[in-house]
Amino acid sequence: MSMEREKELQELEKKLGISFLNKALLNQCLTHSSFAHEAGIPDNERLEFLGDAILKLVTSEHLYNKFPTKPEGDLTKYRAAIISDETLAKIASAVRLGEYLLLSENEKRTGGARRKSNVANAFEALLGAIYLDGGVGKARDFILDFLREEIEKVSREGYISDYKSALQEYVQKQKWELPHYRVVGETGPRHKKVFEIAVKIKGRILGKGKGANKKEAEQKAAEEALKTLKRDEKKPISVKGIINRVKHRIWIF
């Protein structure tokens, strides 16, 4: 490992508030498969697999203790909301994890350092590396510290189990046309496809979502659309908007 790379990893450790005994583990968890293939070194996918399991264990244990009266179904939904790929990508982006990823030149050119799937996967790999380097206690403290905001948010607001149904109910109350979902992109290898779906209402794309299957992507697109509609509700109506509404009503009359 070069001196320059060691300095980069030390900088990241400061951002994360953690120190690795085995720096090679930290480097590996940031090694994308595209770079590893070219350099002939291990990538971060095995660490990602381990980190995913540690993340679920720690989050499950915390929710089990935090909500002693909640049934299994609710705890499962709480966990899904807290450790979604969207949440992990947001946390990873906040510490600029993508800037420390080792990527092939082609992956860099195509925006790999900012790609949500890359940074979310690297964050899970980081958790696996922390576990191997310092044990489950160290991993638990790190995970709960970084997920505290999301855990509190779910505690306050609960969850929506079916965003598609919630969006449909919303537009029906407004007497609008039903949402229309369309696949706008597919990425990744055949065995690990990522679908991107857009949802359109009244001719306007209100949300997009990505997922390992179309159903998951549709749910995320619907969630984003609901957020957009809620934001629109809070916006003040412009003078132009009022005039257009009046014109529309006169035309109808």
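Every number here is computed from the coordinates shown, using simple stated rules; none is lab data. Everything numeric in this text was worked out from a predicted model, so none of it was measured. For neighbour counting, all protein chains shown are included, and Cβ atoms are generated from backbone atoms with ideal geometry for every residue, glycine included.
A few points about this structure:
- The mean sequence separation of alpha-carbon pairs under 8 Å and at least six residues apart, normalised by the residue count of the chain, gives a relative contact order of 15 percent.
- Spin-label pair TRP176-LYS7: with each label point 7 Å from Cα along the Cα-Cβ axis, the two points sit 5.2 nm from one another.
- The chain - share of DSSP beta bridges that are antiparallel (%, nearest 5): 95
- 3J(HN,Hα) from dihedral phi, the stretch 125-141, Karplus parametrisation 6.51/-1.76/1.60, rounded to Hz, x for glycine, proline: 5, 4, 5, x, 5, 4, 4, 5, 7, x, x, 5, x, 5, 5, 4, 4
- The charge dipole of the stretch 1-128, taken about its Cα centre with unit charges on the Cβ atoms of Lys, Arg (+1), Asp and Glu (-1) only, comes to about 400 debye.
- Ranked by how many other Cβ atoms sit within 10 Å of their own Cβ, fewest first, the residues ILE130, ILE83 fall in the order ILE83, ILE130.
- Checking the cross-link pairs LYS7/LYS192; LYS173/LYS227; LYS173/LYS202; LYS164/LYS230; LYS116/LYS192; LYS116/LYS175 against a 24 Å limit on the alpha carbon distance flags LYS7/LYS192; LYS116/LYS175 as lying beyond it.
- The stretch between GLU149 and ARG231 holds 27.4 nm of extra length on full extension. This uses 0.36 nm per residue minus the Cα-Cα distance.
- Candidate values (i) 62, 45, 39; (ii) 58, 57, 47; (iii) 75, 49, 36, label of the one derived for Cα extents along the principal axes in Å: (iii)
- Under 5 Å, built H, 5+ apart or other chain: amide partners of VAL184: GLU196, ILE197, ALA198
- Per residue of the chain, the DSSP helices (runs of n ≥ 4 H) give a summed -39500 (n - 2.57) that works out to -20500 deg cm²/dmol at 222 nm.
- From phi via Karplus (6.51, -1.76, 1.60), per-residue ³J(HN,Hα) for the stretch 81-91 in Hz, x at Gly/Pro: 5, 6, 10, 5, 4, 4, 5, 4, 5, 5, 5
- Karplus (6.51, -1.76, 1.60) ³J(HN,Hα), θ = phi - 60°, over the stretch 214-221, in Hz, Gly and Pro reported as x: 5, 4, 5, 5, 5, 4, 5, 5
- Inter-site label distance for ASP141 and LYS108 at 7 Å from Cα along Cβ, in nm: 3.5
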